[in-house]
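First up is the structure itself, then whatever we jot down about it.
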Amino acid sequence: MKKRVTALLLALAMIVTAFAGCGSNQSTGTSSGAKTLSVVVGPEPETIDPALNQAADVTTEIQHMFEGLTRYSSDKKYVNAEAKDIKVSSDHLTYTVTLRDDLKWSDGKPVKASDYVYAWQRAVDPKTASQYAYIFDPVKNANEIIAKKKDKSELGVKATDDKTLVITLRTPCAYFLELLSFTAYYPLREDVVEGNDKWTQDPKTYISNGPYKLKEWNHKESLVLEKNPYYYEKDKVKIDTLRFVLTDEDAAILSAYKTGEIQFAYPISVDEMDAWKDKPDYMKVNELGITYFEFNVTKKPFNDPRVRKALSLVVDRNYLVEKVTKENQTTATGFVRLGMNDVDSTKQFRVVGGDYYSTKKADYEKNVAEAKKLLAEAGYPNGKGFPAFEYSTNQSTANQAVAEALQNMWKTELGIKCTIAQEEWAVFIDSRNKGNFSVSRGGWSADYNDPVSFLDLFVTGGGNNDPKYSNTKYDALIQKVKSTDDNTVRMPLLHQAEDILIGQDMVVAPLFYRCRSILMNTNIKGYYNSPLGFDYFMYADIQS
Amino acid sequence: MANYVVKRVAYAFLTIFLISIITFALMNMIPGGPFLSEKAVSPETTQALKEKYGLDKSLPEQYISYMGKLLQGDLGLSLKQKGRTANDIIFSTFPVSASLGGISILVALILGITMGSVAALNRGKWGDSVLMVISTLGIAVPSFVVATALMVTFGVNLRLLPTMGLKTPLHYIMPVAALSFYPMAYITRLMRSSMLDALNQDYIRTAKAKGVSKVVMLFKHALRNAIIPVITYVGPLLAYTVTGSFVVETIFNIPGLGREFINCISGRDYPMVMSTTIFLAALLVFMNVLVDICYKLVDPRIKLK
């Protein structure tokens with residue numbers, strides 16, 4: 001009996017080792033000449049329909065397959081892509097675009113101006129129900145079509161011939177060339193998209209015009225792209241197969257990076273930050289986003305700006321980024337993030353606008369004293385009589401850690417009590433949007449690289465105005481900003497608006513500016529990213 | 001027997017019907033909705049989305065329309081995975097989960113029954129003690145710990161096994177080990193005690209007295225009786241595998257139904273919530289009917305009423 005057991009065990013061991021031998025190695029495949037790059041930028045996309053997408057990670061995926069009239073280049077500018085030439089009229093309301101002559105879809109058919117007209121009309125069509133349709137706001141009649149007041153054929157875009165596109169805007173727009181690079185503005189093929197809700201599901205119908213085309217979509221597993229032979233710059237594309245491994249599970253991402261199954265990993269977890277920070281694989285890139293907390297300004301005692309300022313001033317932002325998030329983000333001294341340009345594009349909006357409070361370590365004590373004074377003036381000396389309140393956040397370890405740090409600072413420095421209400425994502429978003437909160441976690445990533453993408457949030461009745469803030473002067477300023485594309489007029493107005501929002505009213509308490517921590521193999525060259533959180537691998541190469 | 005089966009199947013359908021009503025009610029009672037995001041969606045767009053997916057109708061209308069389509073085999077459109085039907089999602093992810101779960105259940109049963117029997121036959125000896133330590137460990141340590149420990153050891157440090165997906169037989173080793181560890185341990189303990197019980201029965205003594213060989217005695221007489229509690233456990237084991245697979249599938253990035261099941265609830269993907277719940281409920285209910293019928297086959301003393 002014993003012998004038999006031993007024999008069985010040996011046999012089992014043999015089988016296991018035999019399997020171990022045939023483990024497929026799918027890492028950087030430079031063998032046989034074809035190059036493969038495997039990356040993680042996010043989980044399974046909700047959709048890869050350019051008109052419906054609004055996620056940054058999915059934009060990364062889509063923009064490798066599609067291309068718009070302009071694109072973000074490695075020297076950090078928006079340059080012509082499918083457009084050969086863009087002429088802007090003197091009133092800045094009409095854009096006449098001439099397409100390149102060598103444009104083809106991934107099935108070999110030519111890209112026509114009418115493909116753009118079709119795609120844009122479809123994006124704003126209420127039947128398409130795109131959550132991102134608002135990105136067409138500057139285009140004439142877009143808002144009316146979304147609200148079902150006009151027909152989609154009245155959208156301000158016309159194809160005068162196969163190569164010419166005439167775009168009419170409702171109002172001058174300072175960042176329209178940037179918008180033209182967004183996924184919703186990509187052209188689509190009416191013959192494959194129309195009437196087929198499943199067109200994104202099959203590589204045969206997912207016909208695209210960018211550097212890559214879809215090869216396989218293995219749901220929840222990977223999105224595999226191969227070089228598009230009809231792309232006009234196909235010679236610049238060095239990597240033959242681009243694999244987006246789809247996951248957002250920290251442990252899975254990290255182990256896949258360590259085993260070499262992927263060569264680019266984002267996001268990486270806070271716990272791992274210390275272990276990787278000093279390695280050459282580690283990159284910290286800025287993202288045009290901000291983390292803050294917001295007050296429900298209609299609720300007592302948070303309807304008093306002194307209370308809001310006190311709760312904001314007492315936060316040790318340096319402690320948060322060093323000890324809690326461990327990502328060493330830049331501490332926030334205003335709402336418009338560092339990295340956005342002012343009138344003079346060599347100067348940053350944030351630098352021109354200055355700091356609304358100091359986040360220097362040496363000034364923390366002074367801030368706390370100021371906070372105590374403000375709280376006393378508001379009628380709560382040493383926190384006496386301050387009602388206990390709830391701080392709402394969604395279930396996430398990172399947000400929970402920030403919440404606990406804030407709770408502790410408010411208690412020890414101001415003597416006020418708060419409890420943390422952790423809510424499931426859908427519940428959290430719903431109650432915050434309805435104003436059912438006192439103080440809540442907040443975050444925002446810009447839609448486009450312009451301060452108005454931040455400050456537009458808090459106009460009266462705005463969809464993202466969770467604090468339910470209302471200030472007619474503020475509304476008028478934003479209104480004026482949106483009616484011109486002249487930065488010498490816009491920027492001073494935007495500064496005035498921020499002065500009201502943060503300097504005077506402290507509607508939200510900015511904490512830190514977002515960044516992304518990435519791991520990338522050091523032999524990958526030519527990768528770049530945009531501050532909007534998009535990654536570009538189409539001109540990357542793997543050096544052996 | 002036939003009567004019994006018909007009755008049980010009828011009850012099964014009633015159970016599933018009740019589950020569908022309860023799920024529909026609960027799902028619509030919890031706050032939040034499918035079209036929420038950090039960036040607010042305009043009321044016009046929300047309305048357009050509701051119309052597109054039929055969520056603008058009254059709840060009873062929605063329920064009846066859903067159930068009507070269900071009877072025709074149409075499980076509805078996913079609200080979150082644009083362009084995919086629930087049929088497509090469930091029938092592409094279920095085989096993955098089923099193969100993972102099925103293999104895990106088999107491994108757990110084979111190893112558990114063997115280890116339990118071996119322990120019982122060697123009661124008090126060192127072999128018994130070793131097996132009991134292993135099984136205690138298996139019951140105490142949750143599957144995500146097992147999964148993570150395996151991944152770190154064999155995937156990251158030793159680099160012997162792949163860590164993502166389920167493409168080759170090699171990919172199965174770690175997820176199966178993680179998923180089957182707990183039920184294997186449980187079955188070992190169950191099997192050990194029922195085997196000990198069986199070995200003390202009069203009919204075993206009679207068999208021994210008659211001079212029946214040890215193998216025949218063990219397999220024909222003792223095992224067949226001792227295995228009944230294990231069969232009873234197969235029902236709950238299925239349920240465990242379905243829910244446990246969520247954790248394991250997430251850690252090893254396996255595109256299975258377990259992950260879908262949880263994600264569609266947090267995403268408020270209503271048709272997917274209904275369809276996965278009904279699908280899994282039907283699976284569990286009918287497997288339990290099957291298990292009950294199996295009793296009869298194993299133990300003729302049991303009367304099915």
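The values are calculated or read from the model by the stated rules, or taken from the named source; none is laboratory data. Quick caveat, the model's predicted, so the values are computed rather than measured. All Cβ positions, glycine included, derive from the backbone under ideal geometry; neighbour counts span all protein chains shown. Surface accessibility is based on the protein's heavy atoms, side chains included, excluding ligands, DNA and RNA. Shrake-Rupley method; radii C 1.70, N 1.55, O 1.52, S 1.80 Å.
Looking only at the stretch B:219-235, decide whether some residue is under 13 Å from the mean Cα position of the chain (by Cα) and open to solvent by 10 Å² or more (accessible area, probe 1.4 Å).
Filtering the stretch B:219-235 for residues under 13 Å from the mean Cα position of the chain (by Cα) gives B:233-235.
Now drop any that are not open to solvent by 10 Å² or more (accessible area, probe 1.4 Å), which leaves B:233-234.
Yes, the conditions are met somewhere in the stretch B:219-235.
Checked against (1) under 30 Å from B:K80 (Cβ atoms); (2) more than 26 Å from the chain's Cα centre (by Cα), A:V58 meets all criteria but (2).
Take A:S345 and decide whether it is small (G, A, S) and modelled with pLDDT of 95 or more.
Values: small (G, A, S): yes; modelled with pLDDT of 95 or more: no.
For A:S345, the condition - small (G, A, S) and modelled with pLDDT of 95 or more - is not met.
With the stretch A:108-193 as the region, which helices (runs of 4 or more DSSP H) entirely inside it contain at least 3 residues that are away from chain B (no Cβ under 14 Å), farther than 30 Å from A:D342 by Cβ and of a type in the set (A, V, I, L, M, F, W, C)?
A:113-124
I'm trying to understand the selection: among the residues of the stretch A:236-262, which are within 14 Å of chain B (Cβ to nearest Cβ) and open to solvent by less than 10 Å² (accessible area, probe 1.4 Å)? A:F244, A:V245, A:L246, A:T247, A:A252, A:I253, A:S255, A:A256, A:I262 - these are the residues of the stretch A:236-262 that are within 14 Å of chain B (Cβ to nearest Cβ) and open to solvent by less than 10 Å² (accessible area, probe 1.4 Å). From the list A:A362, A:A403, A:A398, A:A371, the lone residue that is in a helix (DSSP H, G or I), of a type outside the set (S, T, N, Q) and more than 30 Å from B:E38 (Cβ to Cβ) is A:A362.
Just one of (1) within 20 Å of the chain's Cα centre (by Cα); (2) among the aliphatic types (A, V, I, L, M); (3) open to solvent by 30 Å² or more (accessible area, probe 1.4 Å); (4) away from every other protein chain (no Cβ under 13 Å) fails for B:L199. It is (1). Only a single item in (1) surrounded by fewer than 18 Cβ atoms within 10 Å (Cβ to Cβ); (2) in a loop (DSSP other than H, G, I, E, B); (3) away from chain B (no Cβ under 14 Å) is not met by A:D450, and it is number (1). Residues in the stretch B:262-276 that are surrounded by fewer than 24 Cβ atoms within 10 Å (Cβ to Cβ) and among the polar types (S, T, N, Q): B:N263, B:S266. Hey, does the stretch A:462-474 have a residue that's in contact with a Pro (Cβ under 9 Å, 6 or more places away or on another chain) and open to solvent by less than 30 Å² (accessible area, probe 1.4 Å)? No, the stretch A:462-474 has no match at all. Residue count for the stretch A:74-107 under the criterion of being buried (at least 18 other Cβ atoms within 10 Å of the Cβ), closer than 15 Å to A:L188 by Cα and of a type outside the set (A, V, I, L, M, F, W, C): the result is 2. The set of residues in the stretch A:334-372 being over 19 Å from A:L493 (Cα atoms) and open to solvent by less than 70 Å² (accessible area, probe 1.4 Å) consists of A:Y357, A:S358, A:T359, A:D363, A:Y364, A:N367, A:V368, A:A369, A:A371. Residues that are open to solvent by 30 Å² or more (accessible area, probe 1.4 Å) and touching a strand residue (DSSP E or B) at 6+ places or on another chain (Cβ under 9 Å) within the stretch A:108-151 comprise A:P110, A:K112, A:S114, A:Q121, A:K140, listed in sequence order.
For the stretch A:416-447, a residue qualifies if it is without any contact (Cβ under 8 Å) to a residue 12 or more places away in the chain and within 8 Å of chain B (Cβ to nearest Cβ), and the qualifying residues are A:A426, A:V427, A:D430. Taking helices (runs of 4 or more DSSP H) as the structural unit, those lying wholly within the stretch A:218-323 and holding at least 2 residues that are assigned by TED's automatic domain parsing to the domain that holds A:G503 correspond to A:305-313.
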